[in-house]
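Please treat every number below as a calculation from the coordinates, not as lab data. Quick caveat, the model's predicted, so the values are computed rather than measured. Heads up, the Cβs are rebuilt from the backbone with ideal geometry, glycines too, and the neighbour counts pull from every protein chain shown.
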Amino acid sequence: MAIIERIIEVEAAAEKLYEVVSDIENYPSFLTWCDSSEILSIEDHLVTASLSINLLGFKSSITTLNRLYRPEKIEMSLQEGPFKSFKGTWFFEVVSLEKTRVSYTMEYQISNPITDLLVKKKLDSFIDQFVGEFVKKFKE
């Protein structure tokens, strides 16, 4: 299983950043690779959501179960999609009143070995773009 992690500090309150990441239905408005998003169910702090993605030239969809721990953490686990396994976590650590350390960690394994080789070559740059798009949205 491969692991990718990015850590950044953002001049904004943790609650505001948490709101951007948990607003799944708004993803297509700022994530260039997200064609559409849909909330399938909400139960207490559990949200099941589906994203239609156009990633590195591959069109697919992924459905995740998202555990929300407001405002410090969001955990995502694969329900359906192009991965053999996938877990992602957003952490929002308060540094000061208006500064937050945000970390994104992704553990994954892709089902198709050929697709896996193609994705590995471009995944680091995609994750940088992915986090960068969230940072841009955070700063709005």
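Descriptive notes on the structure:
- Selection count, region 76-100, where residues are exposed (fewer than 15 other Cβ atoms within 10 Å of the Cβ) and in contact (Cβ under 8 Å) with a residue 40 or more places away in the chain: 7
- There is at least one residue in region 26-38 that is crowded, with 17+ Cβ neighbours inside 10 Å, within 14 Å of the chain's Cα centre (by Cα), of a type in the set (Ser, Thr, Tyr) and within 23 Å of Lys84 (Cα to Cα).
- Those residues of region 74-105 which are on the phi < 0 side of the Ramachandran plot and either touching a helix residue (DSSP H, G or I) at 6+ places or on another chain (Cβ under 7 Å) or not in a strand (DSSP E or B) (or both), in sequence order: Ile74, Pro82, Trp90, Phe92, Val94, Leu97, Glu98, Thr100, Val102, Tyr104
- Enumeration of residues in region 57-80 that are among the hydroxyl-bearing types (Ser, Thr, Tyr) and within 17 Å of Ser36 (Cα to Cα): Ser60, Ser61, Thr63, Thr64
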